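See below for the structure under consideration.
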Amino acid sequence: MKSILKICMFFVGLSTLSAQTQTIQLTQTPGNFTKESIDLIAGDYQFDIINKGVQQEVGFVLVPKGKYEATDHIKEAYVKAPVGTDDHSLTNVVSLAPGEYEYFCPLNPTPKYTLTVHESVATVNLEQKPGNFTTEAITLKAGTYQFNISNSNVDHEVGFVLVPKGKYAQENHIQDAYVKAPVPTNEASLTNLVNLQAGEYEYFCPLNPTPKYSLTVVE
């Protein structure tokens, strides 16, 4: 019988990232960043800014939402060196408190993109056994989540794929839902934060492989 996660809190706990600084990679192409929004938990981060095919140096500006004057720039988020074509550069360590921010590059130039920092988020635990997930359907409220994928006795690494219902091609994968590292036997790995809007989704593991399971997000 299918088990349902009824609105948020089945096997759900507040996730906490380690005190270790996390690195967020952001790629710029001519006129834009390839990642148009970011969700993070409050903590310390470095941004790795990649220049992919922009035929000039690029940079990175992070500000509180709606505040674009130079005096509002979060100086620690400047890259340590301008980023030449097909090169990359790290920022300094940025301590981010909960709130709304925006990021952009005035040198490229790009639009302004949203970065949301959460105090905490709910973690959804999903267990894989050989050939299946033990939870066969999930219902959640719209919001931001992290998935914790555990490997119970699958004798090789497993992963996690989340897609809009019926859209299985790789370009439709919700990349924030990829595990941060492949999951070896009897270990677990977290995904990044995933912002889920109301709708129908499916999850599966192509490495196990498993059937496709339903994830419903309600308002």
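The values are calculated or read from the model by the stated rules, or taken from the named source; none is laboratory data. Quantities reported herein were computed from a predicted structural model and do not represent experimental measurements. When we count neighbours, we look across all protein chains shown, and the Cβ atoms used for this are built from the backbone with ideal geometry, even at glycine.
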Boolean, SER150 is of a type in the set (Ser, Thr, Tyr) and over 14 Å from the mean Cα position of the chain (by Cα): yes
Of all residues in region 5-35 being modelled with pLDDT of 95 or more and assigned to a loop (DSSP other than H, G, I, E, B), the one that is farthest from VAL218 (Cα to Cα): PRO30
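Taking region 87-103 on its own, how many of its residues are free of Cβ contacts under 8 Å to residues at least 40 places away in the same chain and buried (at least 16 other Cβ atoms within 10 Å of the Cβ)?
Of region 87-103, the ones free of Cβ contacts under 8 Å to residues at least 40 places away in the same chain are 87, 99-101.
When the remaining residues are screened for being buried (at least 16 other Cβ atoms within 10 Å of the Cβ), the result is 101.
Residues flagged as free of Cβ contacts under 8 Å to residues at least 40 places away in the same chain and buried (at least 16 other Cβ atoms within 10 Å of the Cβ) within region 87-103 amount to 1.
Results for (1) touching a helix residue (DSSP H, G or I) at 6+ places or on another chain (Cβ under 9 Å); (2) among the small types (Gly, Ala, Ser); (3) free of Cβ contacts under 8 Å to residues at least 24 places away in the same chain; (4) outside the structural domain of ASN108 (by TED's automatic domain parsing), shown as yes or no for each residue.
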| site | (1), (2), (3), (4) |
| --- | --- |
| PHE60 | yes, no, no, no |
| LYS67 | no, no, yes, no |
| ALA81 | no, yes, yes, no |
| THR85 | no, no, no, no |
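Yes or no, residue by residue, for (1) among the small types (Gly, Ala, Ser); (2) in a loop (DSSP other than H, G, I, E, B); (3) modelled with pLDDT of 95 or more; (4) in the same structural domain as THR34 (by TED's automatic domain parsing):
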position: ASN125; (1), (2), (3), (4): no, no, yes, no
position: SER150; (1), (2), (3), (4): yes, no, yes, no
position: VAL154; (1), (2), (3), (4): no, yes, yes, no
position: GLU171; (1), (2), (3), (4): no, no, yes, no
TYR145 vs. criteria in the same structural domain as LEU196 (by TED's automatic domain parsing) and outside any loop (DSSP other than H, G, I, E, B): yes
Search result, residues across region 129-186 that are surrounded by 13 or more Cβ atoms within 10 Å (Cβ to Cβ), over 19 Å from GLU36 (Cα atoms) and acidic (Asp, Glu): GLU136, GLU157
Every pair of residues 6+ apart whose Cβ atoms lie under 6 Å, when the first sits in region 181-205 and is outside the structural domain of LEU162 (by TED's automatic domain parsing) while the second is β-branched (Val, Ile, Thr) and in a loop (DSSP other than H, G, I, E, B): none
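May I ask you to verify whether PRO111 is within 18 Å of the chain's Cα centre (by Cα) and either of a type in the set (Lys, Arg) or surrounded by fewer than 14 Cβ atoms within 10 Å (Cβ to Cβ) (or both)? Explain how you work it out, then say what you get.
On the way: within 18 Å of the chain's Cα centre (by Cα): no; either of a type in the set (Lys, Arg) or surrounded by fewer than 14 Cβ atoms within 10 Å (Cβ to Cβ) (or both): yes.
Answer is no for this residue.
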GLN55 being over 29 Å from SER120 (Cα atoms), surrounded by fewer than 17 Cβ atoms within 10 Å (Cβ to Cβ), of a type in the set (S, T, N, Q) and at pLDDT 95 or above: yes
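Only one of ASN208, ASN186 is touching a His at 6+ places or on another chain (Cβ under 9 Å) and farther than 30 Å from ALA97 by Cα. Can you tell me which? Break it down stepwise before answering.
Values: ASN186 fails: touching a His at 6+ places or on another chain (Cβ under 9 Å).
The unique qualifying residue is ASN208.
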Odd one out for TYR78 among (1) surrounded by 14 or more Cβ atoms within 10 Å (Cβ to Cβ); (2) closer than 25 Å to ILE174 by Cβ: (2)
Given (1) out of contact with any helix residue (DSSP H, G or I) (no Cβ under 8 Å at 6 or more places or on another chain); (2) in contact (Cβ under 8 Å) with a residue 24 or more places away in the chain, number of the condition GLU76 does not satisfy: (2)
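Do the conditions hold for PRO98, that is, is it assigned by TED's automatic domain parsing to the domain that holds PRO30, under 17 Å from LYS52 (Cα atoms) and either at pLDDT below 95 or of a type outside the set (Asp, Glu) (or both)? Walk me through it before giving the result.
Working: assigned by TED's automatic domain parsing to the domain that holds PRO30: yes; under 17 Å from LYS52 (Cα atoms): no; either at pLDDT below 95 or of a type outside the set (Asp, Glu) (or both): yes.
Criteria not met by PRO98.
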